[in-house]
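The values are calculated or read from the model by the stated rules, or taken from the named source; none is laboratory data. Here the structure is a predicted model, which means the values were calculated and not measured. Cβ coordinates were reconstructed from backbone atoms using ideal geometry, including for glycine residues, and neighbour counts include every protein chain displayed. In case anyone asks, the SASA skips ligands and DNA or RNA and just uses the protein heavy atoms, side chains included. Shrake-Rupley method; radii C 1.70, N 1.55, O 1.52, S 1.80 Å.
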Amino acid sequence: MQYKYAKEQLDYSDLSSGRVFYSLPGHPAFPVRLASEIFQRCVARRETIYKDSTPCTLYDPCCGAAYHLSVLAYLHGEHIREVIGSDIDEKAVAVAKRNLGLLRIAGLDRRISEISKMLEQYGKDSHKDALKSADTLKKKLSALIEKHPLEARAFQASAADGKKILKNIRPKSVDLVFTDVPYGQHSHWRDSDFTEVSNPLGSMLDALLGILSPSSLVAIASDKQQKVLHESYQRIEQFQIGKRRIVILKPV
Ligand SMILES: C[S@@+](CC[C@H](N)C(=O)[O-])C[C@H]1O[C@@H](n2cnc3c(N)ncnc32)[C@H](O)[C@@H]1O
């Protein structure tokens, strides 16, 4: 796979998981450069397919710590007006709320005082670096929200539970779904329903139909074993990188 947009490996250390953003123990963070590439491909496709370049509502129904959502808001906030995450796991949602809280100045200020206290207590270089990064993020965020407001929130739901998703998200309001679904040793599809449903991706795509806007796209990162096929979606793009397969879909 060739990077079309995130052509260079930039220094993403201010955004690294566990520095200013909170990490979810046992869950490796989604690669920032790849997240940036996928997001930019979707923005470009949205423009060519729908002639729509307005800031989007971005949703991840398997958000984990909402790490890649939060990072995307810092990297590409000019294209985003709202970030929404949900996950079946209560602990993941708690961390997601804290990370999405860092998309508000008050949340960043709280994080800055938290890191300052750790620095006072332990005097570690990693805390000094985290404070510098938090300061850089605060400048970026201030510049961003001067241009347009940025909303962010998270709730608990199964990605297959269309009714619960619709209780939390307005119908036809999501422009871009970007999700890194469970695969491999670190996370697994969980839901009592999934014990009988052999196709969790299909159930998730069903559940998303009610909230997708008329100019929406769905980007899914999964392993190569999971088939992303659904009669209500057309495949726009697909590529592989390492063990991941990325598929971009358009509802039909
Ligand atoms: C690969 S992780 C996502 C990590 C995320 N991209 C990040 O950057 O923090 C996959 C997530 O899917 C969640 N998950 C598993 N089954 C689910 C289901 N049925 N509905 C919603 N989320 C689910 C797991 O709890 C896990 O947090």
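Mind grabbing the base-10 log of I(q)/I(0) for segment 1-118 at q = 0.16 Å⁻¹? Debye formula, identical points on the C-alpha positions, no solvent, two decimal places.
Reported log10 I(q)/I(0), two decimals: -0.80.
Which of the helices in the chain meet the span-like rule: DSSP H, Cα axial reach of 20 Å or more, Kyte-Doolittle mean at least -1.0?
Result, helices passing both filters: 32-50, 105-122, 125-147.
DSSP loop trypsin sites (Lys or Arg not before Pro) in segment 13-84 with at most 10 other Cβ atoms within 10 Å of their Cβ, which ones?
Counting only loop positions with at most 10 other Cβ atoms within 10 Å, the trypsin sites (Lys or Arg not before Pro) in segment 13-84 are 51.
How large is the accessible surface per residue of the chain, computed with a 1.4 Å probe and reported in Å² as a whole number?
Value for the chain: 49 Å² per residue.
Two decimals is fine: what's Rg over Rh for the chain, C-alpha atoms, Kirkwood radius as Rh?
Answer for the chain: 0.96.
Of the chain, which part is the longest with no GluC sites (Glu not before Pro) in a loop (DSSP not H, G, I, E, B) and with at most 10 other C-beta atoms within 10 angstrom?
With a cap of 10 other Cβ atoms within 10 Å, the longest stretch comes to 9-195.
Given the convex hull over the Cα atoms of segment 122-172, what projected area results after averaging over all orientations, in nm²?
Hull-based average projected area comes out at 6.4 nm².
Take every Cα pair under 8 Å in the chain that's 6+ residues apart, average their separations, divide by the length, and report that relative contact order as a whole percent.
Relative contact order here is 20 percent.
I'd like to know how segment 199-239 sits against the 2.2 N^0.38 Å rule of thumb: what's its Cα Rg over that expected value?
For segment 199-239, the normalised Cα radius of gyration comes out at 1.15.
How far is it, in nm, from the label point at residue 47 to the one at residue 139 when both lie 7 Å from their Cα along the line to the Cβ?
Going by the 7 Å Cα→Cβ label model, 2.7 nm.
Determine which aspartates and glutamates satisfy two conditions relative to residue 132: a Cα distance under 16 Å, and not lying fewer than 8 residues away in the same chain.
Cα-Cα hits under 16 Å: 11, 14, 109, 114, 120.
Could you please state how large a percent of the accessible area of the chain is carbon and sulfur, counting protein chains only and using a 1.4 Å probe?
So the carbon and sulfur contribution to the accessible surface is 49 percent.
Return the calculated 222 nm mean residue ellipticity for the chain, to the nearest 500 deg cm²/dmol, obtained by summing -39500 (n - 2.57) across DSSP H runs with n ≥ 4 and dividing by the residue count.
Mean residue ellipticity at 222 nm (helix-derived): -12500 deg cm²/dmol.
Would you mind checking 163/227; 140/163; 51/91 for any pair whose Cα atoms are more than 31 angstrom apart?
140/163; 51/91
FRET efficiency for residue 109 and residue 167, Cβ-Cβ distance as r, R0 = 30 Å, nearest 0.05?
0.45
Using 0.36 nm times the number of residues separating residue 54 and residue 191, minus their current alpha carbon distance, what extension gain do you get?
So the chain would gain 45.8 nm between residue 54 and residue 191.
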